[in-house]
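**Student:** Once you've had a glance at the structure underneath, I'll fire off some questions.
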Amino acid sequence: MISELNALGEPGAEGLNDFTPEQARSWFTVLRAILGGERTVPEVASVRDGHVLAGAHAVPIRIYDTEESIMMPDRVVLYAHGGGWVVGDLDSADFLARSAARRLCARVVSVDYRLAPEHAFPAAYNDCAAILAELGKKHPDARIAAIGDSAGANVVGALTAASRHQDDMRVDAQLLLYPALDPSMASDSMSQMAEGYILTRADMAYYWSCYLSDPEHASDPRATPAALTDLAGMPPTVLVTAGFDPLHDEGMAYARRLVEADVATTYLPFPTLVHGFVDMAGRVPAALDALNDALDALDLHFGGSARKRQFGLTSSQASTT
């Protein structure tokens, strides 16, 4: 993998700033193929594309269902993909979406939100908010979880916080994988891991500049969850950080603040992994293990019954295993 990454090369001396958005997206597609390798795709019963209207805009979605024998109809999951709000799509989100559907025995709705800089903040937030509201309408009796990685975790964290005060949105649990939360980029890890670990400080500066077209948006909690002053009342949260990641410290700090606010929080640090490790699950066994651990932790906040379903256990049998 290292030789392939060296052959791909860096975007340039100025990082992704050397690329147009279209070039960045093409580079990301090749990068993901290298990182992912020949991995086995988790099987699900059905995958279908659709869309949800958000005003005059149709938001594309992809819906994943597991087999009826293990499907838990009282669970629905919204998934917002990573990619710095600039790159990524339903195809790049496929592996994690399938893994979540399979591991949680739930319907997963993956959101193809609009990308910056063509559609800067609050486009991604608004698109995901529309999907979250629609899930609440269609599944009023279901528990709703939200999953996001990197930039997607930013959007999920913001949505979850906002849902505390909005009747049309509901999040019962959230999983934030190596979230991008703070555009100040002032943490120690942002300096210490500035280069050499796939995601660079220059990349994050580029992504934030594309997403926040107005500097005042940096203080808007819908764009910057780190700007939230009150985390009380947040739903159960699983927060994952990678040890070799410029975003490590802001994720850890957010987890600490959740604990201090008496939020049921599971913090899972993976000190040997890098940012975006889910994309490496086909080549790095520890990355796949970490993803499964994170999904199992979310399952516990869902009642902890998905793994029982997968192994065909009754409640009494599960209590003895």
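**Student:** Please give the helix 21-36 orientation as an angle from the longest Cα principal axis of the chain, in degrees from 0 to 90, rounded to the nearest 10.
**Tutor:** 60 degrees
**Student:** Using a 1.4 angstrom probe with every protein chain in place, what is the largest-first accessible-area order of 272, 200, 20, 266?
**Tutor:** 272, 20, 266, 200
**Student:** What dipole magnitude, in Debye to the nearest 20, does the chain give about its Cα centre under +1 on Lys/Arg Cβ and -1 on Asp/Glu Cβ?
**Tutor:** In total the dipole reaches around 980 debye.
**Student:** How high is the relative contact order of the chain, in percent, with contacts defined as C-alpha pairs under 8 Å that are six or more residues apart?
**Tutor:** 17 percent
**Student:** Please give the length that would be gained between residue 192 and residue 49 if that part of the chain were fully extended, namely 0.36 nm times their separation in residues minus their C-alpha to C-alpha distance (nm, one decimal).
**Tutor:** 47.4 nm
**Student:** Counting only Cα, what are the radius of gyration and maximum Cα-Cα distance Dmax of the stretch 94-190, in Å?
**Tutor:** 13.9, 44
**Student:** Output ³J(HN,Hα) for the stretch 274-281: one whole-Hz value per residue in order, computed from phi by the Karplus curve 6.51 cos²θ - 1.76 cosθ + 1.60 with θ = phi - 60°, and x for Gly and Pro.
**Tutor:** Per-residue couplings from phi come out as 10, 4, x, 4, 4, 5, 9, 4 Hz.
**Student:** For the stretch 210-253, what size does the Cα cloud have along each of its three principal axes, sorted from largest down, in whole Å?
**Tutor:** That works out to 30, 30, 13 Å along the principal axes.
**Student:** Keeping all protein chains in place and using 1.4 angstrom, which order do 188, 262 fall into by accessible surface area, from largest down?
**Tutor:** From most exposed to least exposed: 262, 188.
**Student:** Return the long-range amide H neighbours of residue 270 (sequence gap of 5 or more, or a different chain), with a cut-off of under 5 Å between placed amide H atoms.
**Tutor:** Result for residue 270 returns 241, 242, 243.
**Student:** So what's the chain giving for Rg/Rh, alpha carbon basis, Kirkwood Rh from the mean inverse pair distance?
**Tutor:** With Rh from the inverse mean 1/r over Cα pairs, Rg/Rh is 0.94.
**Student:** Ok, one more. Report the net charge of residues surrounding residue 280, where surrounding means a beta-carbon distance below 11 angstrom and charges are Lys +1, Arg +1, Asp -1, Glu -1.
**Tutor:** Computed value for this residue: +2.
**Student:** Return the sequence-ordered ³J(HN,Hα) values of the stretch 57-71 in whole Hz as given by the Karplus equation 6.51 cos²θ - 1.76 cosθ + 1.60 applied to θ = phi - 60°, using x for Gly and Pro.
**Tutor:** With the stated coefficients, the stretch 57-71 comes to 9, 9, 8, x, 9, 10, 10, 10, 10, 8, 4, 4, 5, 10, 5 Hz.
**Student:** So what does residue 244 come to for accessible area, using a 1.4 Å probe and Å² rounded to 10?
**Tutor:** Surface open to solvent at residue 244 totals about 70 Å².
**Student:** Which whole-angstrom value gives the distance between the alpha carbon centres of the stretch 239-283 and the stretch 165-205?
**Tutor:** Spelled out, the Cα-based centre of one part sits 9 Å from the other.
**Student:** Let's test the formula: R0 of 25 Å, r as the Cβ-Cβ distance of residue 166 and residue 219. What FRET efficiency results, to the nearest 0.05?
**Tutor:** 0.80
**Student:** With a 1.4 Å probe and all protein chains kept in place, how much accessible area does residue 22 have, in Å² rounded to the nearest 10?
**Tutor:** Estimated to the nearest 10 Å², residue 22 gives 110 Å².
**Student:** Ok, one more. Helix-only estimate, please: 222 nm mean residue ellipticity of the chain, summing -39500 (n - 2.57) across DSSP H runs of length 4 or more and dividing by its residues, to the nearest 500.
**Tutor:** Mean residue ellipticity at 222 nm (helix-derived): -11000 deg cm²/dmol.
The values are calculated or read from the model by the stated rules, or taken from the named source; none is laboratory data. Not measured: the values here are computed from a predicted model. Glycine gets a Cβ as well: all are built from the backbone with ideal geometry, and neighbour counts include every protein chain shown. Remember, those area values only see protein heavy atoms, side chains included, never the ligands or the DNA or RNA. Shrake-Rupley method; radii C 1.70, N 1.55, O 1.52, S 1.80 Å.
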